[in-house]
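None of the figures in this text is laboratory data; all of them are computed from the coordinates on show. Not measured: the values here are computed from a predicted model. We place every Cβ from the backbone using ideal geometry, glycine too, and count neighbours over all the protein chains shown.
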Amino acid sequence: MDAPFGKICGDECYGIHYFKELESTNDMAQKPKYKHKDIIVSDAQTKGRGQGGNTWTSEPGKNLMFSMIIEPNGLQAAKQFLLSEIISLSITDTLASYKIKASIKWPNDIYIKDKKVAGILIENEVQAGKITRSIIGVGLNVNQTEFDNELAHATSMSIMADREFNRSKVLTRLCNYFSLRSEQLYDGDTKWIEDDYFSRLYLANTPHTFKLPDGTRFRGTIRSVSESGELNIETHNGSIRTFLFKEVAF
Ligand code: BTN
């Protein structure tokens with residue numbers, strides 16, 4: 001262990017619940033005993049889950065795999081994409097603090113150059129149109145330096161910076177940035193969050209070839225992301241096509 005995971009306190013405290021191995025930190029976080037700002041962190045997952053039913057694999061003890069429970073004080077379900085934005089920004093803020101320049105691949109993969117360094121899986125409970133509880137699962141590749149062939153597009157902080165990182169310190173920084181970004185959210189600075197998110201967006205304003213689920217390809221340029229998280233791509237004739245998650249790949 002590079003450092004014990006303990007309670008994290010900046011302006012506010014996070015309760016850390018450390019496990020050597022479990023199935024999935026997102027699953028564990030679903031237990032009602034875990035409350036706002038509790039974090040389930042594990043050195044290894046046997047059933048790590050990714051977006052769209054994918055699995056998440058990670059070399060035991062090398063990376064950060066955690067799930068943060070947030071009870072977002074009546075945030076409207078229609079604005080849930082803001083949670084995606086603030087965690088994506090917090091991760092890129094953290095990487096920037098280590099002088100690692102990263103971008104956000106819509107909707108919420110974190111990239112360094114053209115490789116993925118982190119993935120995010122958010123699962124929300126909604127009641128009467130409001131988010132009552134959000135589980136924000138993060139897999140951040142920290143010290144892993146070798147990846148299986150099927151993860152050829154993966155990278156880590158260590159590969160990029162050519163040194164090892166103390167995972168507990170990385171998590172502490174990330175939580176502190178998350179507190180700052182949460183303040184922006186609760187203060188109603190949503191324009192600021194959305195602008196920061198777009199300014200870090202991978203391939204924004206850059207012509208690129210996109211792929212539809214039926215295999216069709218088209219040229220276009222990412223121009224904006226809507227409040228509800230849809231991607232707006234300008235096509236060759238100047239029209240804007242709008243996509244939900246999994247409706248377009250790039
Ligand atoms: C993705 O990019 O597909 C999302 C990956 C999310 C992985 C993290 S690891 C911690 C948490 N627990 C899980 O089972 N998944 C998330």
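Coupling constants for region 88-104 follow from the phi torsions by the Karplus curve (6.51 cos²θ - 1.76 cosθ + 1.60, θ = phi - 60°), and in residue order they are 4, 5, 5, 5, 5, 4, 4, 4, 4, 5, 9, 6, 10, 7, 10, 10, 10 Hz; glycine and proline get x.
Paramagnetic label reach from residue 54 (point 7 Å along Cα→Cβ; backbone nitrogen cut-off under 18 Å): within region 225-250, residues 231, 244-250. On a 0 to 90 degree scale, rounded to 10, what angle separates helix 167-186 from the longest Cα axis of the chain? Value to nearest ten degrees: 60.
Each of residue 73 and residue 123 was given a label point 7 Å from its Cα along the Cα-to-Cβ line. The distance between the two points is 2.6 nm. Calculate I(q)/I(0) for the chain by the Debye formula, one identical point scatterer on each C-alpha and no solvent, and give its log10 at q = 0.09, 0.11, 0.14, 0.18 Å⁻¹ to two decimals. For the chain, the Cα-only Debye profile gives -0.38, -0.58, -0.95, -1.55. The antiparallel fraction among DSSP beta bridges confined to region 79-186 stands at about 95%.
Considering only beta bridges that DSSP places wholly inside the chain, some 85 percent are antiparallel. Ordering 192, 106 by the number of other Cβ atoms within 10 Å of each residue's own Cβ, fewest first, gives 192, 106. Per residue, the chain reaches -7000 deg cm²/dmol at 222 nm when only DSSP H runs of four or more residues are counted, each adding -39500 (n - 2.57).
I want to make sure I understand the PRE zone here: with the label point 7 angstrom from the Cα of residue 99 toward its beta carbon, which residues in region 133-172 have backbone N atoms less than 14 Å away? 160-164, by backbone N distance to the label point.
Each of 214, 93, 187 has some number of other Cβ atoms within 10 Å of its Cβ, and from fewest to most they run 214, 187, 93. When only alpha carbons are used to place a centre, region 134-173 and region 22-47 end up 18 Å from one another. Please tell me the relative contact order of the chain in percent, rounded to the nearest whole number, where contacts are Cα pairs under 8 Å and at least six residues apart. The normalised contact order for the chain reaches 17 percent. In plain terms, the residue of 9, 175 with the fewest other Cβ atoms within 10 Å comes first and the most crowded comes last, giving 9, 175.
Using a cut-off of 25 Å between Cα atoms, the listed pairs 115/246; 31/130; 33/115; 31/115; 47/191; 20/130 include 33/115; 31/115; 47/191; 20/130 as exceeding that distance.
Let a ≥ b ≥ c be the square roots of the eigenvalues of the Cα gyration tensor of region 123-214; is it rounded (a/c under 1.5), or, if not, prolate (a/b larger than b/c) or oblate? Taking the square roots of the gyration eigenvalues as a ≥ b ≥ c, region 123-214 is oblate.
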